[in-house]
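Take a look at the structure set out below.
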Amino acid sequence: MSGSHKAVAERHGSGQATGGRRRRKRSRGRVVAVVLVSLLVLIVAAVGGIYLWLNADIKTFSGDGISRDRPAAGAGGQNVLVIGSDSRSGDNSSYGGGEGDVGRSDTAFLLHVYADRKHAVAVSIPRDTLVDIPPCRLPDGKWTEEQKDTMFNAAFSVGETAEGNPACTQNTVEKLTGLRVDHTVVVDFEGFSKMTSAVGGVTVCLPKDIYQRDLSPNRGSRGKLLFGKGEQTVSGQKALDYVRIRHGIGDGSDIGRIKRQQAFVASLIKKVKSQGMDPTTLLPLAKAATVDPGLGSVDKLVSFAMSMKDVDLHNTKFITVPWRYQGARVAIVRPQADALWADLKADRTIDGKDASGGSKSRKSPTPSPAESSGSVSGAGISVAVYNGTGVTGLAARAAETLRADGFTVTGTATATSQDHTTTLVTYGPGEQEQAKTVARVFPGARLQPADAPGISVTLGQEYAADPSPSTSAPTTLPSEVADTARSADTDPCSDLSYG
């Protein structure tokens, strides 16, 4: 072979070899790409499966029992009702002891997250508080009659089901406070145990040694030591025992137990914040609760929880609704409680600061001179008055008060029903500000928009019991409410007696 032919052949052979290597590389590249795509598909499928599993694992209660007669939604802040269920049914029997198939609740608080998302306050409502329970839905779809002067915790047991009736408790809280409850969360014994274990335990502090008899006073002997004196970390059954202790510490009252529960929740929040507000921390907590339909997915739960990540521990407060003993029961003290609900509605903190986040729809935390003096000017405002109670002459009496403040009363009459507990101020389009002025004459009154023009007042039983003018309502909470509040960053060993 000539040199030129050999060179050509060598070049040709070299080209064949190079082309083969290129084809093998492309082949291997395609295989790798296929494998990567397949892995990606598998990962996406697995993640989707996990996501669906997590969603399926989130428990919700039916929203069918939530009343249609609800307060208007707030402009910025959110209200979350947290209910502790002590049902002994199912797996709960191994934690709480005892037996019974009816869901009951001895713990509840309304958490208000202010519009600035930097402040929050949890308001405990004692279980023995006398309230009016509005109509509630039974399992068969029927609705109950309103129950007056009934213990607050009876709302959760309406219908006598094992899972309880969180919608009825939500309706009761909305009626009591005039605030719209945006979300409701229920935690039972088993869920509470899992929740405390998921965060690795919660720090508590005891003023003395606690024995079994302190948890069960009917026990013959003091039994085993449950908690030693001092600071310690508890989870699972021990955490449940801690929040259930009533006797043997302080005055043995439910109010004292509420304070211990507030200290526990404060410590729990502190622990969660220290571990980081992220899905890894939050999802195990979410799975331990039963939530309303509005929180019934992983996305919604995580999004809601993450919206509170900037709430400062020191600005997270715990208080109990202003109360007094009424025999063996608890009565709400007015007008202090009404001032509290008004502050929450206006996104004012319990020490009078503006936490509206700059929302122009919110009132200033500093009362105007008219508010400070208690005077109301009704000039240019017309209002009709209806008696929503069985008290004779109540509408005429309210009309006199309104006229004295400069309002024009267009007429008085008896309402279509006489079972109103709270006074209702109804207003037409564009009349909200005037309606707010009318409501100042009736402390605790609830505002409700209507399609038809005009402002009307339907008087409730609360006004019949105390038809005093608006000067009786303080513009701010008494200072002792803020002074006695507990913060989430408070030392767990402070105020140990809790009553």
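Some points to look at:
- Where Gly220 falls short, out of the listed (1) of a type outside the set (Lys, Arg); (2) open to solvent by 50 Å² or more (accessible area, probe 1.4 Å); (3) part of a strand (DSSP E or B): (3)
- Residue match in segment 163-181 (condition: in contact with a Pro (Cβ under 9 Å, 6 or more places away or on another chain), modelled with pLDDT of 90 or more, among the hydroxyl-bearing types (Ser, Thr, Tyr) and farther than 30 Å from Thr490 by Cα): yes
- In summary, Ala331 fulfils each of the numbered conditions (1) at pLDDT 85 or above; (2) open to solvent by 20 Å² or more (accessible area, probe 1.4 Å); (3) small (Gly, Ala, Ser) with the single exception of condition (2).
- Residues within segment 374-420 that are surrounded by fewer than 14 Cβ atoms within 10 Å (Cβ to Cβ) and of a type in the set (Lys, Arg), tallied: 1
- Residue check, Pro429 open to solvent by 20 Å² or more (accessible area, probe 1.4 Å), at pLDDT below 90 and assigned to a loop (DSSP other than H, G, I, E, B): no
- Condition broken by Asp251, with the remaining ones in (1) in a loop (DSSP other than H, G, I, E, B); (2) in contact with a Gly (Cβ under 6 Å, 6 or more places away or on another chain); (3) modelled with pLDDT of 85 or more satisfied: (3)
- Filtering segment 159-172 to residues that are crowded, with 24+ Cβ neighbours inside 10 Å and among the β-branched types (Val, Ile, Thr) leaves Thr169, Thr172.
- Of all the criteria given as (1) assigned to a strand (DSSP E or B); (2) in contact with a strand residue (DSSP E or B) (Cβ under 6 Å, 6 or more places away or on another chain), the one not satisfied by His314 is (1).
- Going through (1) in a strand (DSSP E or B); (2) surrounded by fewer than 19 Cβ atoms within 10 Å (Cβ to Cβ); (3) touching a helix residue (DSSP H, G or I) at 6+ places or on another chain (Cβ under 7 Å) one by one, Pro284 falls short only on (1).
- Every residue from segment 277-306 that is of a type in the set (D, E, K, R) and closer than 19 Å to Pro166 by Cα: Lys287, Asp292
- Scanning segment 317-346 for residues that are under 13 Å from Ile125 (Cβ atoms), part of a loop (DSSP other than H, G, I, E, B) and of a type outside the set (A, V, I, L, M) returns a single hit, Pro322.
- Looking at segment 128-199, none of the strands (runs of 3 or more DSSP E) lying wholly inside it contains 2 or more residues that are among the acidic types (Asp, Glu), touching a residue at least 60 places away in the same chain (Cβ under 8 Å) and closer than 30 Å to Lys287 by Cβ.
- Qualifying residue in segment 469-476 (condition: modelled with pLDDT under 80, assigned to a helix (DSSP H, G or I) and farther than 16 Å from Leu402 by Cβ): no
The values are calculated or read from the model by the stated rules, or taken from the named source; none is laboratory data. Small disclaimer: the values here were computed from a predicted structure and weren't measured. Cβ: placed from backbone, ideal geometry, glycine included. Neighbour counts: every protein chain shown. All accessible areas refer to the heavy atoms of the entire protein, side chains included, with ligands and DNA or RNA removed. Shrake-Rupley method; radii C 1.70, N 1.55, O 1.52, S 1.80 Å.
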